[in-house]
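Take a look at the structure set out below.
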Amino acid sequence: MITQAITFISVSMPEVTGYLTGGSPILSYNLQYKGELTPPEDFLTVVGEVPDSLSLTYVKNGLITDYVYVFRFRVRNKHGWGPFSDYVYIRTAVIPDQVETAQFTIVQQTSVRMTWKAPYNGGNAISAYVIQFSDSTGNSFYPITSYCDGNSPSIVSQRYCDIPFTVLRASPFNLAQDQLVKAKLAATNIIGTGPFSLMNTEGVTVQVDPLAPLVAPISVNYTESYAEVVLTQITGSLTGSAQVLFYELSWDMGTNGYLWQPYTVTSGLKVLVTALSSGQQYRFRYRA
């Protein structure tokens, strides 16, 4: 059994019994170690050579962090020392600590940015993150490797990723408007993966495209050649829970709804539509 930390290693040797004793009681267990990159002749005795020791567990302290050590052991009966065991390679590092709960902000109007702080790395550099996002039920979690790949060196170093709302609204997440974007993550080093962070309980809620206006456009002033059309500002859930950037008015140019020509409304809610023909009927519609 091996227990490692950043500056010590605890090694438990198996008890030698039965025919492996050579028919005589075991008098000593000799544990030895060296650095991985040093030659075999550099093995040093930890315990059990002089004096004898029947202890099966020993803690070697004062080791270098993030360094690989090699251990072996042998046993002695009254006839002498037996052969050494196979090598055991142990690195003085542990899994990373738990990551703090991630933070979420909106970027570029259409994406959510997930950011986090690097935890203590356990004595070995963090090489990846396991990042999982909750679905609409909160019972299932999935990665988003196309936008938030925890194995990407750039994401590991910058510790953030941007996910479009369209991805979160689609399968398998199926998040609805105003539903909280939730995720958890864990850090990985050469030893293994640490515990997952706590899932966030605040942050960013899902935004969607604006819904259809409930009020039709109104023509408040018109002549034989132009019409002034007023739009009604959409509010509340109709905005898709996001700021409305502009409105687009369309008119059918007298085609009875067959062809539509857009007018982008950059300011205000009134649009002057010109080039109308006397006696012609026109239709108007708008969207945000």
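Quick note: the coordinates plus some simple rules give every number you see, no bench work behind them. Just so you know, these numbers come straight off a predicted model, no measurement behind them. Here Cβ is always computed from backbone atoms with ideal geometry, including for glycine, and neighbour counts include all displayed protein chains.
Assorted remarks:
- The ranking of Trp116, Trp260, Trp251 from fewest to most other beta carbons within 10 Å of each one's beta carbon is Trp260, Trp116, Trp251.
- Gyration tensor over the Cα atoms of the range 2-91: the corresponding equivalent ellipsoid has semi-axes (square roots of 5 times the eigenvalues, largest first) of 25, 13, 11 Å.
- The protection proxy used here, the mean number of other Cβ atoms lying within 10 Å of each residue, ranks peptides 141-148, 252-259 as follows, highest first: 141-148, 252-259.
- Cut-off 17 Å, label 7 Å out along Cα→Cβ of Ser85, residues of the range 6-30 by amide N: 9-22, 26-30
- Mean separation of Cα pairs under 8 Å and 6 or more residues apart, divided by the residue count, gives the range 1-115 a relative contact order of 29 percent.
- For the chain, the dipole from Cβ point charges (+1 on Lys and Arg, -1 on Asp and Glu) about the Cα centre works out to 200 debye, to the nearest 20.
- Computed over the chain, the percent of Cα pairs more than 32 Å apart is 58.
- Cβ-derived FRET efficiency at R0 30 Å, Ile190 paired with Leu27, nearest 0.05: 0.20
- Efficiency of FRET between Trp260 and Thr166 - r from beta-carbon atoms, R0 41 angstrom, step 0.05: 0.95
- Peptide packing: for 214-224, 41-51, 123-133, the average count of neighbouring Cβ atoms within 10 Å per residue gives the ranking 123-133, 41-51, 214-224, highest mean first.
- Label-point separation in nm, Thr17 to Leu211, each point 7 Å along Cα→Cβ: 7.3 nm
- Neighbour counts of C-beta atoms inside 10 Å place Thr232, Thr239 in the sequence Thr232, Thr239, starting with the fewest.
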